[in-house]
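Where a number appears in this text, it was derived from the coordinates with a stated rule and is not lab data. Owing to the predicted nature of the structure, the values given are computational and were not obtained by experimental measurement. Here Cβ is always computed from backbone atoms with ideal geometry, including for glycine, and neighbour counts include all displayed protein chains.
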Amino acid sequence: MRSAVIAFAPGRINLVGEHTDYNDGLALAFAIAQGVTVRAAALPGGRIEAAARDFGEEDRFPVAEPSPARGWRAFVRGAVAELRRAAVDVPGASLEISATLPRGAGLSSSAALEVALTLALSALAGQPAADRIELAQLCSRIENEWVGAQSGLLDQLASLCGRPDHALRIDFRSLAVTPVALDLGAYKLVILDSGERRANASSGYNRRRDECREACALLGIPSLRAATLEMARRLPDPLGRRVRHVVSENGRVEDAVKALRRRDHPALAAVIDASHASLRDDYEVSTPAVEDAVRRLKGAGALGARVIGGGFGGSVLGLLSPDARVPAGAVEVRSGPGARVSAS
Ligand code: GLA
């Protein structure tokens, strides 16, 4: 057991491959510099005393009996409960949580929080997670069972497996994570917040997942990874369009990987634009505020721009051409290392 540790988990940007993770599909994501830090120190007495610095709020509960709660407390209680279920002997601890990542902006503040909490608590227990894929799955159970969002594995894997100057091609059927060099030359990736907060649990996200399940049942296939455009044409609306998005989005991930390998940035921008059109028209997760942010980025010289994350608000990603300046309100993003723990 360690007496004190600091864990940091980054947020993520998804270059392309949206709403594919829970369909056994493909994505191309990277970890960013902004994220969530958890400072943990062992406490006697078998209790957790957590403080969320950014909200000035606290939570206390016995390690042996974390009961359900709402908001950020659900993450802390879920982290303790799921680690214990995975045979981690979680000690009593004080936890101080702080973030450099905006919440609800589509940059995976939820996953960063789960990952930082579980890394800190398992390191404090002296049982650091050996397998990052398994830890991503554990974090996703916190989100599914304690927070009430049926999100997939994209955010957790990107936060845990990030690599500087690389994007990660993630295959959610095999869970293979393959780094792909992210050499943008003089191009820049920026994000612009649409200003509309999103909440996975209350948005249409869970409804989209239900629609995908319904489409699989009608098609008699185990997941939409097995679907084709021809199958999509046989389905009633809107299920056919949902499937068309997932099938075409998987193809766009492969196109983006090829574009990055060739350092063909205009081709990457075209993929980003095509992904946005599909998310807007077929998957229907855009909003007027998001469309406005896309227009603002395009007006500022973005070659490609699209909504990222679950949609229904949040941030827009833009690929700026070399001569364009980062527009007001937008932030440049670069790929950074994955989550890490250090002694405090
Ligand atoms: C959210 C979820 C992810 C993923 C994306 C959409 O970020 O947390 O699991 O489904 O939406 O690609």
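Relative to the longest principal axis of the C-alpha atoms of the chain, give the angle of the C-alpha long axis of helix 205-219, reported between 0 and 90° and rounded to the nearest 10°. For 205-219 against the chain, the angle is about 60 degrees. The phi torsions of segment 100-110, fed into the Karplus equation with coefficients 6.51, -1.76 and 1.60 and a -60° offset, translate into couplings of 10, 10, x, 7, x, 9, x, 10, 6, 5, 5 Hz, rounded to whole numbers, with Gly and Pro shown as x. Residues whose amide H falls under 5 Å from that of residue 35, counting only those 5 or more places apart or on a different chain, are 11, 100, 101, with hydrogens built in the peptide plane. Think of each Lys and Arg Cβ as +1 and each Asp and Glu Cβ as -1; about the Cα centre, that makes the dipole of the chain roughly 280 debye. Its convex hull of Cα atoms gives the chain a direction-averaged projected area, equal to a quarter of the hull surface, of 16.5 nm². Between helix 239-261 and the chain there is an angle of about 90 degrees, using the helix long axis and the longest principal axis of the Cα atoms. Counting only alpha carbon atoms, the long axis of helix 288-299 and the longest principal axis of the chain meet at about 70°. Ordering 235, 250, 181 by the projection of their Cα atoms onto the charge dipole of the chain, which places +1 on the Cβ of Lys and Arg and -1 on the Cβ of Asp and Glu, puts 181 at the extreme positive end. Among 128, 94, 105, whose Cα sits farthest toward the positive end of the charge dipole of segment 86-161 (+1 at Cβ of Lys/Arg, -1 at Cβ of Asp/Glu, about the Cα centre)? Ranked along the dipole, the leading option is 105.
For every other residue with a beta carbon closer than 9 angstrom to the beta carbon of residue 96, add +1 if it is Lys or Arg and -1 if Asp or Glu, then tell me the sum. Please report the intermediate quantities before stating the final value.
On the way: positive: 39, 53; negative: none.
Surrounding charge for residue 96 is +2.
Backbone phi angles across segment 16-23, fed through the Karplus curve with coefficients 6.51, -1.76 and 1.60 (θ = phi - 60°), yield HN-Hα couplings of 6, x, 9, 6, 9, 4, 7, 10 Hz in residue order; Gly and Pro are listed as x.
Per DSSP H run of at least 4 residues, take -39500 (n - 2.57); add these up for the chain, divide by its residues and hand me the 222 nm value, nearest 500 deg cm²/dmol. Walk me through the intermediate numbers first.
Working: 9 runs with 121 residues, N = 344.
Rounded to the nearest 500, the figure is -11000 deg cm²/dmol.
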